[in-house]
1. Under 25 Å Cα to Cα from LYS265, which lysines show up? Leave out anything in the same chain fewer than 8 places away.
2. Does a label point 7 Å from the Cα of ASP29, set along Cα-to-beta-carbon, have any residues of segment 247-290 with amide nitrogen under 16 Å, and which are they?
3. Please state the relative contact order of the chain as a whole percent: Cα pairs under 8 Å, 6+ residues apart?
4. To the nearest Å, what is the center-to-center distance of segment 25-70 and segment 143-165, using C-alpha atoms only?
5. Ignoring everything but the protein chains, give the 1.4 Å probe accessible area of ARG48 in square angstrom, nearest 10.
6. Top to bottom by accessible area (1.4 Å), largest first, where do ARG50, ARG287 land?
7. Probe radius 1.4 Å, ligands and nucleic acids left out: which of GLU77, GLU190, GLU28 has the largest accessible area, and how do the rest follow?
8. Work out from phi, with θ = phi - 60° and the Karplus expression 6.51 cos²θ - 1.76 cosθ + 1.60, the ³J(HN,Hα) of each residue of segment 215-226, listed in order in whole Hz, and give x for Gly and Pro.
Amino acid sequence: MTDSATRPVAPGTPPVLSDQELHQLLDEDVPFGDLTTESLGIDALPGRIRFFARDPMVVCGIEEAARMFELCGAHAEIRLHSGNEAPNETLLLKASGSAGALHRGWKTAQTLVEWCSGISTRASAIVTAARRGNPDVMVAGTRKNVPGNRRLAVKCFKAGGAVMHRNGLSETLLVFAEHRQFLPGTSPAEMIARLHRQCPEKRVVVEVATPDEALEWAEADVLQLEKFTPEAVAQVARALAERGSSTVVAVAGGINAANAEEYAKAGARLLVTTAPHLAPPRDVQVRFES
């Protein structure tokens with residue numbers, strides 16, 4: 001696809017990393033200057049760099065990449081913002097400036113777009129599969145991101161059409177068995193009431209491991225079924241419906257594009273997944289011009 005065949009789309013989200021954080025990423029790769037570019041004497045020569053999708057992808061991280069080139073002293077132009085689908089050969093970004101500026105930003109920007117787009121592309125695939133089973137189902141990403149990259153991971157999941165399960169321990173109530181073991185003798189009703197009293201504006205989510213345990217905790221606002229089969233999910237959903245319960249059924253553990261449709265059909269309204277965090281990067285082709 002040539003420059004004239006592409007059209008900029010509506011602006012996407014701004015960079016989620018500050019200029020200081022982007023400078024840190026650049027300085028990690030170029031701590032003392034670019035020895036090759038400087039030694040060849042081409043540092044000040046003008047040039048242009050373009051990023052193309054070599055694989056079909058849902059693009060993400062392009063705003064951060066563009067800002068990196070600007071911080072290096074180049075002029076950057078985004079041609080496809082985060083959250084958009086990019087067929088093979090789609091122009092994503094171009095930048096112009098000195099060879100020194102372009103080489104300084106090149107690999108860090110390329111790697112960031114490839115990594116982010118891998119996560120967003122896999123998240124999108126899970127969302128697409130899940131909504132074949134139920135158009136109203138939501139896919140949520142876990143907080144099992146590479147440490148230090150939470151904000152980028154959140155952006156990637158959103159670009160793929162998903163939401164975040166929890167951005168951290170400070171914002172949600174999720175009761176695990178590991179919490180409950182510290183309160184022996186406390187009934188489910190007592191524990192749920194305590195949490196509602198302490199945090200009246202929050203919904204109580206309880207993770208359970210068996211259908212029987214799910215029904216014991218059926219007064220929770222959300223039941224998170226951990227590593228249930230689709231058949232077991234359907235069993236719990238039927239039992240809750242027979243009780244007239246409004247409890248939301250969420251599933252977690254092993255959720256991916258191959259099984260998301262089945263879980264959605266079984267009655268899960270929220271699919272919690274780690275799979276996008278482990279996605280391989282998508283391939284971004286870089287073309288230089290002097």
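The values are calculated or read from the model by the stated rules, or taken from the named source; none is laboratory data. Treat the numbers as computed from the prediction; the structure is a model and nothing was measured. Quick reminder, even Gly has a Cβ in these numbers, built from the backbone with ideal geometry, and neighbours come from all protein chains shown. The area values use the complete protein model at the heavy-atom level, side chains included, leaving out ligands, DNA and RNA. Shrake-Rupley method; radii C 1.70, N 1.55, O 1.52, S 1.80 Å.
1. LYS158, LYS227
2. What the label zone holds, given the 16 Å backbone N cut-off, is 281-289.
3. 22
4. 24
5. Per-residue accessible area (ARG48): approximately 70 Å².
6. Solvent-accessible surface, decreasing: ARG287, ARG50.
7. Ranking GLU77, GLU190, GLU28 by accessible area, largest first, yields GLU28, GLU190, GLU77.
8. 6, 5, 10, 5, 7, 5, 5, 9, 9, 9, 8, 8
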